[in-house]
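In what follows, a single structure is set out as structure tokens and then discussed.
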Amino acid sequence: MSHRYRWVFLAGVVVALSGCLSTLPTTVDVNGPLPATLPPLAQTLRATIAPTNLAPAQETAVPTSTMTTTAAIIVATPPPATAAPPTPTLAPAPTLVLPTLPVLSNEERWRLQQIDRQIFPEPRLYTTKRSELYWYDPVNQQLVLIGIINGEFMAQATFTFRENNQPSLEVPYHVNHSYGISALSPAVIERIRAAGYDEWIETFIFLTPDVQAKG
């Protein structure tokens, strides 16, 4: 478009706007009734304009101070200790006192094996066809067979042997000399010596029907 025509176009626009503005009243009351000649565009603007006498909207006060959160310190208190029940006091156990057994001699041990021992006023003569002659070892508390008697022998007492409750005759014996019994083993001799005996020992014979008093 040439420069001349541009100025003609702008002049036309200005004339048109001047005509529109000359129709508006000099003073417009926004609160009063709209004039009948108010263009549609002005009515639209009137509807959207808020009245000037409205109270200003109240602003919600927002505290500017920063809220400080205080952390709660919880101290855990331990539960009270449960008192342990008192331990019952036990009475001391009575001390077991074993009776002190008397220390017996070998002679006393031998006598304990003789129940109701009866000593003859003087030795008595007996005879037997075949009887075993025993000696009681007080150290090992055992019967020891000395030998076999066949014929006469002397007895000095009667008693009941404790182990089998059998009546017996107490017979003195000269080691390796009396009644033809003269071949005792060294082991038997050693046991006799260990019991504290030497030449003579007390032996015995069980009182059976084969044993008879003589005289």
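Quick check: is even one residue across region 146-167 closer than 27 Å to Pro102 by Cβ, without any contact (Cβ under 8 Å) to a residue 24 or more places away in the chain and not hydrophobic (A, V, I, L, M, F, W, C)?
So far as region 146-167 goes, yes, one or more of its residues are closer than 27 Å to Pro102 by Cβ, without any contact (Cβ under 8 Å) to a residue 24 or more places away in the chain and not hydrophobic (A, V, I, L, M, F, W, C).
Could you grab me the full set of residues in region 131-141 that are within 16 Å of Trp200 (Cβ to Cβ) and in a strand (DSSP E or B)?
Listed by number, the residues that qualify are Leu133, Tyr134, Trp135, Tyr136, Asp137.
Given the structure, is Val144 in a strand (DSSP E or B), over 55 Å from the mean Cα position of the chain (by Cα) and of a type in the set (A, V, I, L, M, F, W, C)?
yes
Criterion first (open to solvent by less than 10 Å² (accessible area, probe 1.4 Å) and either touching a Ser or Thr at 6+ places or on another chain (Cβ under 9 Å) or at positive phi (or both)) does Phe159 satisfy it?
yes
Is one or more of the residues making up region 197-210 more than 60 Å from the chain's Cα centre (by Cα), buried (at least 19 other Cβ atoms within 10 Å of the Cβ) and more than 23 Å from Arg109 (Cβ to Cβ)?
The answer is no, given that none of the residues of region 197-210 is more than 60 Å from the chain's Cα centre (by Cα), buried (at least 19 other Cβ atoms within 10 Å of the Cβ) and more than 23 Å from Arg109 (Cβ to Cβ).
Listed residues Thr128, Thr95; which is over 29 Å from Ile205 (Cα atoms) and out of contact with any Gly (no Cβ under 6 Å at 6 or more places or on another chain)?
Thr95
Looking only at region 174-215, how many residues end up being within 10 Å of Trp135 (Cβ to Cβ) and assigned to a helix (DSSP H, G or I)?
3
Listed here are the residues, each with its yes/no results for (1) at pLDDT below 70; (2) surrounded by 12 or more Cβ atoms within 10 Å (Cβ to Cβ); (3) of a type outside the set (Ser, Thr, Tyr).
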{"residue": "Pro86", "(1), (2), (3)": "no, no, yes"}
{"residue": "Leu90", "(1), (2), (3)": "no, no, yes"}
{"residue": "Val103", "(1), (2), (3)": "no, no, yes"}
{"residue": "Glu107", "(1), (2), (3)": "no, yes, yes"}
{"residue": "Thr127", "(1), (2), (3)": "no, yes, no"}
{"residue": "Asp137", "(1), (2), (3)": "no, yes, yes"}
{"residue": "Ala155", "(1), (2), (3)": "no, yes, yes"}
{"residue": "Asn165", "(1), (2), (3)": "no, no, yes"}
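Can you pull out the residues in region 109-125 that are assigned to a strand (DSSP E or B) and open to solvent by less than 60 Å² (accessible area, probe 1.4 Å)?
Gln114, Ile115, Phe120, Leu125
The values are calculated or read from the model by the stated rules, or taken from the named source; none is laboratory data. The shown structure was predicted, so the numbers you read here are calculated from the model rather than taken from an experiment. Note that we place each Cβ from the backbone using ideal geometry, even for glycine, and neighbour counts take in every protein chain shown. For accessibility, only protein heavy atoms count, side chains too; no ligands or nucleic acids. Shrake-Rupley method; radii C 1.70, N 1.55, O 1.52, S 1.80 Å.
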